[in-house]
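Enquirer: Dropping a structure here in structure tokens format, bear with me for questions.
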Amino acid sequence: MRRWRKLLLPVSWIYGAIIFLRNYLFDIQFFKSVSYDFPVICIGNVSVGGTGKTPMTEYIATLLHKKYKTAILSRGYKRASKGFVLANENISVEKIGDEPFQYFKKLKGVAVAVDEDRRHGISELKEVLHPDVILLDDAFQHRKVKAGLNILLTMHNDLYTNDFLLPAGNLRDLKSQAKRADVIIVTKCPLDFSSENQQQIIQQLKVQPNQKVFFTGINYKNEVFSNTSSLLVDTLKEKEITVVTGIAHPEPFLKHLSEKGLSFKHYKYPDHHNFSASEIEGLKEKDFVLTTEKDFVRLEKQLDNVYYMPIETTFLNNQEIFDTLVLDFVATNS
């Protein structure tokens, strides 16, 4: 597929010229970026989906919520609403989107809001809730807002330095924009990723002297959960499992399931997929449906036979250094 997409390189060059001009106009302040006198942290990437923003946002929100009143602001991709929406106990996944809904369900005490206009969303959050710190989920390319701390994510086996601009590749912004990041996190690494491999990636990324680089992997829980029960993974080996994914890169999830000795049939859907009535009816006929946490929030009210496997971000090393960096930023700018 990627080989065929490279035939679209001429379109990518046109797209790149437009993006270059846009960034240049922000750089010379023809277009204005708004800075803030309180801590705003951006967690994003220069590619489309699949770099692990959701578990990283959860990690940082959990870290900060222990000490600070924390809010997450997201666009709310594919939601059935417009403008600023603050999550509450009556909110639905359709109204705010799957990732914000997951944040709200999982991160008790952390405020979650959506707004396609990040400036407006920040203003609303400050006026309504007065949080100590705001996390911008997936906003690295939104130059109208200038975060105080920019955290850029890239997958270890799909580095932005090796990719092309849309539509020939998966980059939605220029590789050179990585220079705006204060922190680069290489995600979805094998948990035994060697220091030699880490150094090779740092060299490929051409890291600036002011940038800090960290490496993380995914830690899968040894249980799967529904709304009413949980099961140990080892008990699933005798089940007829249907795995359903609507995420950008399901490969690590599928690899983990195979390594745990599970046999399954995989139904792959696009990222943030909204399941049709016929698709739901088909899944109802399956014996046991296993999915990701993000997909579960879209399926839980429609299926009785669906479970999810939680994940969390794991730092391969230097976790305390990262935590201190984030906490010091908030303390200094509060």
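Enquirer: Just to be sure I understand, how many residues within region 314-323 are loosely packed, with under 13 Cβ neighbours inside 10 Å and of a type in the set (Val, Ile, Thr)? Give the derivation first.
Expert: Step one: of region 314-323, the residues loosely packed, with under 13 Cβ neighbours inside 10 Å are 320-321.
Subsequent filtering for residues that are of a type in the set (Val, Ile, Thr) retains 321.
Total satisfying the criteria: 1.
Enquirer: Collect the residues in region 248-264 that are open to solvent by less than 40 Å² (accessible area, probe 1.4 Å), touching a residue at least 40 places away in the same chain (Cβ under 8 Å) and not in a helix (DSSP H, G or I), keeping them in residue-number order.
Expert: Ala248, Pro250
Enquirer: Here is a further query. Out of (1) within 30 Å of Phe275 (Cβ to Cβ); (2) in a helix (DSSP H, G or I); (3) not hydrophobic (A, V, I, L, M, F, W, C), the odd one out for Asn219 is which?
Expert: The one condition Asn219 does not meet is (2).
Enquirer: Looking for something open to solvent by 70 Å² or more (accessible area, probe 1.4 Å), modelled with pLDDT of 95 or more and more than 24 Å from Pro310 (Cβ to Cβ) - is there at least one such residue anywhere in region 35-48?
Expert: As a first pass, look at region 35-48 and keep what is open to solvent by 70 Å² or more (accessible area, probe 1.4 Å): 35, 37.
Imposing the further condition that a residue be modelled with pLDDT of 95 or more reduces the set to 35, 37.
From what's left, more than 24 Å from Pro310 (Cβ to Cβ): 35, 37.
Looking through region 35-48, at least one residue is open to solvent by 70 Å² or more (accessible area, probe 1.4 Å), modelled with pLDDT of 95 or more and more than 24 Å from Pro310 (Cβ to Cβ).
Enquirer: Restricting attention to region 9-48, and to residues there that are of a type in the set (S, T, N, Q) and not in a loop (DSSP other than H, G, I, E, B), which single residue is nearest to Ala139 (Cα to Cα)? Give the derivation first.
Expert: Just the residues of region 9-48 that are of a type in the set (S, T, N, Q), to begin with: 12, 23, 29, 33, 35, 45, 47.
Next, from what is left, pick out any that are not in a loop (DSSP other than H, G, I, E, B): 12, 23, 47.
Working: Ser12: 21, Asn23: 14, Ser47: 12 Å.
Step by step, filter region 9-48, then rank; the result is Ser47.
Enquirer: Spot the failing condition for Val326; the list is (1) open to solvent by less than 80 Å² (accessible area, probe 1.4 Å); (2) not in a helix (DSSP H, G or I), and only one is missed.
Expert: Only one criterion in (1) open to solvent by less than 80 Å² (accessible area, probe 1.4 Å); (2) not in a helix (DSSP H, G or I) is unmet by Val326, namely (2).
Enquirer: Looking at (1) among the charged types (D, E, K, R); (2) free of Cβ contacts under 8 Å to residues at least 12 places away in the same chain; (3) buried (at least 22 other Cβ atoms within 10 Å of the Cβ), which is the one condition that is false for Asp192?
Expert: (3)
Enquirer: So which residues in region 158-182 are under 18 Å from the mean Cα position of the chain (by Cα) and closer than 27 Å to Lys255 by Cβ? If you could, list the steps in order and put the result at the bottom.
Expert: Kept after step one, since they are under 18 Å from the mean Cα position of the chain (by Cα), are these residues of region 158-182: 158-160, 170-173, 178, 181-182.
Asp158, Leu159, Tyr160, Asn170, Leu171, Arg172, listed by residue number.
Enquirer: Output the residues belonging to region 154-193 that are over 19 Å from Phe215 (Cα atoms) and hydrophobic (A, V, I, L, M, F, W, C).
Expert: Phe164, Leu165, Leu166, Ala168, Leu171, Leu174
Enquirer: Turning to a different aspect of this structure: Could you please find all residues in region 226-243 being part of a strand (DSSP E or B), in contact (Cβ under 8 Å) with a residue 60 or more places away in the chain and touching a Phe, Trp or Tyr at 6+ places or on another chain (Cβ under 6 Å)?
Expert: Within region 226-243, no residue meets the criteria.
Enquirer: Counting only residues that are open to solvent by 40 Å² or more (accessible area, probe 1.4 Å) and not charged (D, E, K, R), which one in region 111-129 is nearest to His65 (Cα to Cα)?
Expert: Restricting to residues being open to solvent by 40 Å² or more (accessible area, probe 1.4 Å) and not charged (D, E, K, R), the top hit is Leu129.
Enquirer: With Asp132, Asp158, Asp137 as the choices, which residue is open to solvent by 30 Å² or more (accessible area, probe 1.4 Å), in contact (Cβ under 8 Å) with a residue 60 or more places away in the chain and under 20 Å from Glu58 (Cβ atoms)? Before you say what the answer is, go through the steps one by one.
Expert: Values: Asp158 fails: under 20 Å from Glu58 (Cβ atoms); Asp137 fails: open to solvent by 30 Å² or more (accessible area, probe 1.4 Å).
The match here is Asp132.
Enquirer: Quick one: how many residues across region 50-64 are touching a strand residue (DSSP E or B) at 6+ places or on another chain (Cβ under 6 Å) and part of a loop (DSSP other than H, G, I, E, B)?
Expert: Residues that pass the stated criteria total 2.
Enquirer: Right, next: Whether any residue in region 141-156 is within 20 Å of Gly49 (Cα to Cα) and either of a type in the set (Ser, Thr, Tyr) or over 16 Å from the mean Cα position of the chain (by Cα) (or both) is what I want to check.
Expert: Initial filter on region 141-156 (within 20 Å of Gly49 (Cα to Cα)): 141-143, 150-156.
Now narrow it down to the ones that are either of a type in the set (Ser, Thr, Tyr) or over 16 Å from the mean Cα position of the chain (by Cα) (or both): 143, 154.
Scanning region 141-156, I find at least one residue that is within 20 Å of Gly49 (Cα to Cα) and either of a type in the set (Ser, Thr, Tyr) or over 16 Å from the mean Cα position of the chain (by Cα) (or both), so the answer is yes.
Enquirer: Can you pull out every residue in region 269-313 that is exposed (fewer than 13 other Cβ atoms within 10 Å of the Cβ) and either of a type in the set (Phe, Trp, Tyr) or over 18 Å from Ser226 (Cα atoms) (or both)?
Expert: Passing the criteria: Pro270, Ser276, Ala277, Ser278, Glu281.
Enquirer: Report, by residue number, each residue of region 10-19 that is surrounded by 15 or more Cβ atoms within 10 Å (Cβ to Cβ) and out of contact with any strand residue (DSSP E or B) (no Cβ under 7 Å at 6 or more places or on another chain).
Expert: As a first pass, look at region 10-19 and keep what is surrounded by 15 or more Cβ atoms within 10 Å (Cβ to Cβ): 12, 15-16, 19.
If the condition is that a residue be surrounded by 15 or more Cβ atoms within 10 Å (Cβ to Cβ) and out of contact with any strand residue (DSSP E or B) (no Cβ under 7 Å at 6 or more places or on another chain), then Ile19 is the only one that fits.
Enquirer: May I pose another question? Provide a single number: the residues in region 65-89 that are part of a loop (DSSP other than H, G, I, E, B), open to solvent by 20 Å² or more (accessible area, probe 1.4 Å) and of a type in the set (A, V, I, L, M).
Expert: Qualifying residue count for the region: 1.
Enquirer: Pick from Lys105, Lys95, Lys78: which is modelled with pLDDT under 95 and either over 18 Å from Ile41 (Cβ atoms) or not basic (Lys, Arg) (or both)?
Expert: On the way: Lys105 fails: modelled with pLDDT under 95; Lys95 fails: modelled with pLDDT under 95.
From the options Lys105, Lys95, Lys78, the qualifying one is Lys78.
The values are calculated or read from the model by the stated rules, or taken from the named source; none is laboratory data. For clarity, every value in this text was computed on a predicted model and none was experimentally measured. Here Cβ is always computed from backbone atoms with ideal geometry, including for glycine, and neighbour counts include all displayed protein chains. The area values use the complete protein model at the heavy-atom level, side chains included, leaving out ligands, DNA and RNA. Shrake-Rupley method; radii C 1.70, N 1.55, O 1.52, S 1.80 Å.
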